[in-house]
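Visitor: To start, I am sharing the structure in question, which I have written as structure tokens.
What follows draws every value from the coordinates through simple rules; no lab data is involved. Quick caveat, the model's predicted, so the values are computed rather than measured. All Cβ positions, even for glycine, are placed from backbone atoms using ideal geometry, and neighbour counts span all protein chains on display.
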Amino acid sequence: MRRKQLPGEIKNISLQRVPNGAHNRFIKTTIELARKNEKIASSLSAEIVAMEEAQELFRRFFGVSRKNPLTAEIALHDRLRDGYWNGLKVVVRGMLRFPTPEKQVMAKTLWHRIKTSGISARKQLDQQTGDLLTFTDLLLTQYATEIEGLGVLLFVQKLKEENDLVNELLLERGKMEARRVVGGMKKARAEVFTAYHSFVRKVNALVTLNGPEDYSAFVDAMNKMIERYEEEIIKKPKKRKKAEK
């Protein structure tokens with residue numbers, strides 16, 4: 001059973017319910033406040049270092065979970081691919097009014113296939129990539145006559161080239177994601193949790209032993225931050241509806 005908090009002590013907070021970004025800021029601020037208090041910095045230096053080390057491990061996992069070195073490269077080739085796709089559509093649509101009937105027929109055939117493909121740059125990245133893998137092969141085989149006749153072969157070749165590259169990068173990024181340590185973020189948060197609560201218990205013990213005077217500024221700052229997190233960040237569980245009589 002959790003012990004009742006005494007006046008002058010740091011309040012309890014459910015860190016497990018704080019999102020990763022806010023969790024990162026909370027511990028960072030706690031360390032900064034602790035370093036500024038001479039009594040705490042000198043008496044609990046080992047505990048502060050333990051928090052810093054656990055925080056650094058968490059920060060590394062947090063950074064990896066949000067960023068991947070291939071993401072920017074994927075975005076670049078995705079933009080190039082979309083440019084070729086839009087260019088292809090503009091050219092084929094323009095050929096619908098070509099002076100010769102033969103070109104018009106080719107343009108109508110190809111334009112109908114493009115319109116009914118359902119491919120859009122607004123689609124989810126993996127879905128668009130998969131659709132284009134099939135569609136570019138289809139254009140280069142079943143619609144080779146129209147592609148050649150309308151002079152858009154280079155558009156289709158570059159579209160396929162960029163889409164194939166996006167597909168390869170997505171697969172590689174997926175492998176990189178899979179190689180992450182399973183539960184790494186969870187483990188890192190648990191270590192921060194342990195280090196933080198060990199530190200808080202010892203601060204509260206110092207308050208009990210020595211009185212609150214030397215620690216009041218730190219405790220007040222921590223309690224204000226905890227209150228703000230509880231009001232603004234931690235989602236309160238919904239109250240159960242009263243059973244109907």
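Visitor: What's the whole-number percent of alpha carbon pairs in the range 71-178 lying beyond 25 angstrom? Don't jump to the answer; show the numbers that get you there.
Guide: Numbers: 1336 of 5778 pairs.
Result: 23 percent of Cα pairs exceed 25 Å.
Visitor: Let me ask you something else. Can you give the alpha-carbon Rg of the range 136-176 over 2.2 N^0.38 Å, where N counts its residues?
Guide: Details: Rg = 13.1 Å, N = 41, 2.2 N^0.38 = 9.0 Å.
Relative to the rule-of-thumb radius for its length, the range 136-176 sits at 1.46.
Visitor: A 28 angstrom limit on the alpha carbon distance is what I want to check against. Which of Lys39/Lys187; Lys39/Lys224; Lys123/Lys186; Lys39/Lys186 exceed it?
Guide: Working: Lys39/Lys187 31 Å; Lys39/Lys224 20 Å; Lys123/Lys186 32 Å; Lys39/Lys186 32 Å.
Where the Cα-Cα span goes over 28 Å, the pairs concerned are Lys39/Lys187; Lys123/Lys186; Lys39/Lys186.
Visitor: Which aspartates and glutamates does Lys103 reach when only Cα atoms under 13 Å apart count, and residues fewer than 8 places away in its own chain are ignored?
Guide: Partners found: Glu146, Glu148.
Visitor: Remind me, what semi-axes does the range 120-208 give for its equivalent ellipsoid, largest first in whole Å, using sqrt of 5 times each Cα gyration tensor eigenvalue?
Guide: Details: eigenvalues 643, 27, 15 Å².
Over the Cα atoms of the range 120-208, the ellipsoid semi-axes are 57, 12, 9 Å.
Visitor: D for the chain, whole µm²/s, Stokes-Einstein with Kirkwood Rh over alpha-carbon pairs at 25 °C and 0.890 mPa s: what number?
Guide: Once the numbers are plugged in, D ends up at 105 µm²/s.
Visitor: What FRET efficiency do you get for Ser216 and Glu191 if R0 is 22 Å and r is their Cβ-Cβ distance, rounded to the nearest 0.05?
Guide: Details: r = 29 Å, r/R0 = 1.33.
That gives a FRET efficiency of 0.15.
Visitor: Express the relative contact order of the range 71-178 as a whole percentage, based on alpha carbon pairs under 8 Å and six or more residues apart in sequence. Walk me through the intermediate numbers first.
Guide: Details: 85 pairs, mean separation 42.7, N = 108.
Answer for the range 71-178 is 40 percent.
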